[in-house]
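This report concerns only the one structure given below.
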Number of protein chains: 4
Amino acid sequence: MTLPHPESSAAPGDSGLLHFAHVAVIGKYQAAGAQQAVDEIAHFLQQQGCAVSLEQETAANTGLTQYPALNVNAMASACDLALVVGGDGTMLGIGRQLAQGGLPLVGINQGRLGFITDIALGEYRAKLGPILHGHYEEEARDLMAASVWRDDRVVFQATALNDVVVNRGGAAHMIELRVEVDGHFVANQRADGLIIASPTGSTAYALSAGGPLLHPAIGGWVMVPIAPHTLSNRPIVLPSTCEVSVTIVAGHDASANFDMQSLTSLLHGDRIVVRRSAHTLRLLHPVGWSYYDTLRKKLHWNEGA
Amino acid sequence: MTLPHPESSAAPGDSGLLHFAHVAVIGKYQAAGAQQAVDEIAHFLQQQGCAVSLEQETAANTGLTQYPALNVNAMASACDLALVVGGDGTMLGIGRQLAQGGLPLVGINQGRLGFITDIALGEYRAKLGPILHGHYEEEARDLMAASVWRDDRVVFQATALNDVVVNRGGAAHMIELRVEVDGHFVANQRADGLIIASPTGSTAYALSAGGPLLHPAIGGWVMVPIAPHTLSNRPIVLPSTCEVSVTIVAGHDASANFDMQSLTSLLHGDRIVVRRSAHTLRLLHPVGWSYYDTLRKKLHWNEGA
Amino acid sequence: MTLPHPESSAAPGDSGLLHFAHVAVIGKYQAAGAQQAVDEIAHFLQQQGCAVSLEQETAANTGLTQYPALNVNAMASACDLALVVGGDGTMLGIGRQLAQGGLPLVGINQGRLGFITDIALGEYRAKLGPILHGHYEEEARDLMAASVWRDDRVVFQATALNDVVVNRGGAAHMIELRVEVDGHFVANQRADGLIIASPTGSTAYALSAGGPLLHPAIGGWVMVPIAPHTLSNRPIVLPSTCEVSVTIVAGHDASANFDMQSLTSLLHGDRIVVRRSAHTLRLLHPVGWSYYDTLRKKLHWNEGA
Amino acid sequence: MTLPHPESSAAPGDSGLLHFAHVAVIGKYQAAGAQQAVDEIAHFLQQQGCAVSLEQETAANTGLTQYPALNVNAMASACDLALVVGGDGTMLGIGRQLAQGGLPLVGINQGRLGFITDIALGEYRAKLGPILHGHYEEEARDLMAASVWRDDRVVFQATALNDVVVNRGGAAHMIELRVEVDGHFVANQRADGLIIASPTGSTAYALSAGGPLLHPAIGGWVMVPIAPHTLSNRPIVLPSTCEVSVTIVAGHDASANFDMQSLTSLLHGDRIVVRRSAHTLRLLHPVGWSYYDTLRKKLHWNEGA
């Protein structure tokens, strides 16, 4: 892959004061071409007058040594913008960690358009310039704070940007889950599993299992049963101010997934509790960006004039 | 149908001060047994020390003349509680009208449990007493303010508690609708029609068409296409702070429905606009009422201990 | 649109005896470019040694006078192959009529690949040659024989290749339909309508309403309710040897559609009866054609190596 | 539970010649009350003039020693009818084994009505009498013959009455499966798994995953993806004369289930092949039995007059 015009000097919006002085760059670790893309973008940022640091593992993987390498915590305190070069998965991984520090993110996709990596690699020069100078649209994405309780003790904690999933073991038959919301009994569900997805996660696994799309500004989660035994066990959208609790009632080898992280070998009586995290993920988009444009393109809806 | 213990004097919670001094009673007009139910409930309310008025048509239909008969506007200004005896449909009809005056409603179902008429006729004495004395749980339900635009003029306006539906004529094939949210193009949808449902309406038509359940506290609508041509045109939950606009692009004999009211013979270019109403429907429930209990019973989910 | 190599003489498979001596050509009536496409294909057929006739309306619409013009009945008796240039809709219209005469069809799509018009216009020379000489794969598609009964009399009869649909009027609310199969009561369904689709129709309206795909060799119909009130009213696949009967029980302005033809103003008690037609549609495909290839391309399934 | 009138002598239809002279009785092994039910039914059969044997494990579990105990093979050769007392699960287990011998089955449900155990325990006397004398309706259910291939060798074989399921491991993310039918490539599917269900299995797991109902006389299987990544990967009904092949392309800890039996730790390249078994399950029902009555009751469809 060749990036367009790397030596061109003038990018739109590069006059005036910089809004973000120190930018961290994170690359997709295993991707071919990551080294070149990260290098060119870092170079471009410097041209724009920004200080540039690389996230530690990105630096190690690309072998780029001319930029300071920072770990996530150091990035959160030293930088004022994080630029992620990769796909939605890369954003998901780093976003969860950066959300605590309040660092805003911009996503540049290396291949296909992502739901949250909305700047194409080929147009980063035109799109990044204005953002660096303060012209952008900001969006906050809710995160889930999940914990697993066993015998009145928390045995696991995780933050999830997409979803929390409880599911049966591979060879097992159904699992039975007791669902409560704010202490109220909702139902005992027999199913392959249960997905609790944020608006961000509503375009991922939850969509495959029959859930609706949730606009990012909806303050809610969607709870989607996977292959439920009872046909009227439909997806339900719950306020994110609720505490959702899912207890393993029956079934073997149940596991819980929090985005990428898994906790296996759950026991009967184990309880997964989901609350809204105190932190949100700050996403910056080019001015004129529209959530609906992204949906339409990603889901191949027919486009009108 | 015989109501239990009409002459029993002591109902729970009937000591102390009345929270609601003047109660309006509305009955389901055509229902058999409505006369007896309305009379006994009105009598019970008087025993509790309340002034009682009947809604005008209820008075005419039941032939009960011993209570003042008021029209909806008079009810809204004179009374401080409305008691609806009937089903969800009765609540839907009167609720839309009363919402503007801010009068809270209590629903007593005459037959099967309703989604919003949650007190069984057989237990009205036990449940109403505490409510009359101020012991209740209050819930606000969002309403939709819909308007139909033709050639830059509003040709129709309506308020809907359940849903706004745009659909094709009966003999026509598909309709094509252009959807915009807050001025952003979303998609051109070819389908039998499109439902925009409130949380209250999410358990009605929208559910049949494949939509999710929305908790009443979700500040959003769900937009559900009916038999969409494009398989990825999935239900989407939008913030109720948005303005949703649906324009008829193609198809014959399209019509729009606002709860019960219909507007037929829509033309190409006609635009249905949905906003959140300034008013909400105030529903009062007995203490200990749970939305999830109602869902579980109505949808026949399996009940755990 | 320019067709490739109109004057090239040798097409694959043009040696040996002709399997089809007299070919009828049918064009999509309103399509731009239809005249040129029909002319070139007719010319090609003559070069191959075939006698060529044009369907009457095709001749009139294209203004091509150098070929005999035949009506559908004459085509069925005089010709031994029908070549349809257009889309699935064109095939649907003419196929229903030709099925009675047993004339086999080949479909050439003028734009996008169709489910049953599987030869691209650009490759007609390479694909038609072998077919004309007897190298093809033949497939039989079941047709539905539908009748509408009122007061013990048949008031309407139609043949359908795709589907028979019973639905509510545009402004009406639900319709209620009593379904019986071979005289056995199945259910009273309250819904927007009911689709009975053949395997050919299973990729059309029935798919939008939530039905499964049916392989053309399945001797069955799928009955799909549209937005059913009862969530467990799921699509059901019935043997095509059954007699399916749908009676209008409640609802206003119901109508029935048989592919393109509509019968409106159905009354309570009207009964739509669907049986398998004595005729089948004979489709010819190039050798190596695969039903699954068509599905995969039309439904944009991810393609493996 | 007490059975009605155990000492009553005359049951309907007990005159005339016996159609089934030697009946095997199979009970649900762990069920409370199984001993009493099996004993009373066996006694009733003897009163009717039948020879009675107990299936070996049933005899051991109930402790009933007054009837000969036979293993499944001996039953198939010695008896001419098998009477299963239990639920659908019991029928599923024994039916698969008995199908090879061609022994017909009658199902008596001990609790709720089953899809294939359609005689209530309380009415066995009235319903069994006529069946024993040859008055019954017979139905044949297709069975699946499945095999697992690894490196060109069959490593596992099983017969399934309900379904063959290939799925991902519990903690794994998606699985990728290459589907071929009769050697034709269909699609690479990324999903939680894939269900291939018979008409009998179409009311079980496949229904939960979004599949249609298949009438038992449909000569086909339905292939239903579980939570497919691609939204257009819809259920498809395939002729049971086809050979369906599913190859593990990607994903960890995949497993395959054949009704109750599981094969875990599948490897990349492993191929599950499904064909129609040479045997069918013969089910006998009382005269007047209707498949649609069972569906309507089990799925709680609204019942018309």
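The values are calculated or read from the model by the stated rules, or taken from the named source; none is laboratory data. Note that this is a predicted model, so its numbers are computed, not measured. Neighbour counts run over all protein chains shown; Cβ positions are idealised from the backbone, glycine included. Remember, those area values only see protein heavy atoms, side chains included, never the ligands or the DNA or RNA. Shrake-Rupley method; radii C 1.70, N 1.55, O 1.52, S 1.80 Å.
Worth a mention:
- When you restrict to C-alpha pairs under 8 Å that are six or more residues apart and normalise by the size of chain D, the relative contact order lands at 18 percent.
- A Förster radius of 45 Å, combined with the Cβ-Cβ distance separating B:SER262 from C:GLU123, puts the computed FRET efficiency at roughly 0.35.
- Computed [θ] at 222 nm, deg cm²/dmol, the protein assembly as shown (DSSP H ≥ 4; -39,500 (n - 2.57); rounded to nearest 500): -5500 deg cm²/dmol
- Of the residues making up region D:157-181, those losing 20 Å² or more of accessible area when the isolated chain is joined by the remaining protein chains, with a 1.4 Å probe, are D:ASN167, D:ARG168, D:GLY170, D:ALA171, D:HIS173, D:ARG178.
- Average partner coverage of A:289-302, which counts Cβ from other chains inside 10 Å: 5
- Whole-percent carbon and sulfur share, accessible surface of region C:174-305, 1.4 Å: 51
- Calculated FRET value between A:LYS297 and B:ALA250, using beta carbons and R₀ = 22 Å, to 0.05: 0.45
- Rounded accessible area per residue of region D:23-125, 1.4 Å, Å²: 36
- Shape call, chain D: gyration tensor on alpha carbons, a/c limit 1.5: prolate
- Buried area at the B:A interface is about 3300 square angstrom, summed over both chains, from accessible surfaces computed with a 1.4 angstrom probe.
- Evaluating 6.51 cos²θ - 1.76 cosθ + 1.60 at θ = phi - 60° for every residue in region D:183-192, the Karplus couplings come out as x, 8, 5, 9, 5, 8, 10, 9, 6, 6 Hz, glycine and proline recorded as x.
- For the protein assembly as shown, the dipole from Cβ point charges (+1 on Lys and Arg, -1 on Asp and Glu) about the Cα centre works out to 0 debye, to the nearest 20.
- Peptides C:234-245, C:133-144 ranked from most to least packed, by the mean per-residue count of other Cβ atoms within 10 Å: C:234-245, C:133-144.
- Ignoring aspartates and glutamates fewer than eight residues from A:LYS297 along the same chain, the ones with Cα atoms less than 14 angstrom from its Cα are A:ASP118.
- Structure remark: mean-square fluctuation, Gaussian network model of chain A, C-alpha springs under 10 Å; the largest value among A:VAL165, A:VAL85, A:VAL155 belongs to A:VAL155.
- Per residue, the average separation of C-alpha pairs within less than 8 Å and at least 6 apart gives region D:144-278 a relative contact order of 31 percent.
- The protein assembly as shown: C-alpha gyration tensor shape, a/c 1.5 cut-off, then a/b vs b/c: rounded
- Amide hydrogen proximity for D:LYS28: with H placed 1.01 Å from N in the peptide plane, the residues at 5 or more positions away or on another chain lying under 5 Å are D:VAL85.
- The modelled label-to-label distance between D:ALA32 and B:TRP149, using points 7 Å beyond Cα along the C-beta direction, is 6.7 nm.
- For the peptide C:182-189, the mean number of other protein chain Cβ atoms found within 10 angstrom of a residue's Cβ is 5.
- Relative to the longest principal axis of the Cα atoms of chain D, the long axis of helix D:34-47 lies at roughly 50 degrees.
- Rounded to 10°, Cα long-axis angle of helix B:88-98 versus longest principal axis of chain B: 90
- Virtual spin-label span in nm between C:HIS19 and A:ALA74, 7 Å along Cα→Cβ: 7.4
- Solvent-accessible surface ranking, highest first, for D:THR65, C:THR280, A:THR294 at 1.4 angstrom: D:THR65, C:THR280, A:THR294
- Cα→Cβ-extended label distance, 7 Å offset, between D:ARG112 and A:PHE185, nm: 1.7
- Å² of accessible area per residue within region A:144-278, as computed with a 1.4 Å probe and no ligands counted: 31
- Set of region D:85-114 residues, backbone N closer than 20 Å to the point 7 Å along the Cα-Cβ line of D:THR280: D:91-107
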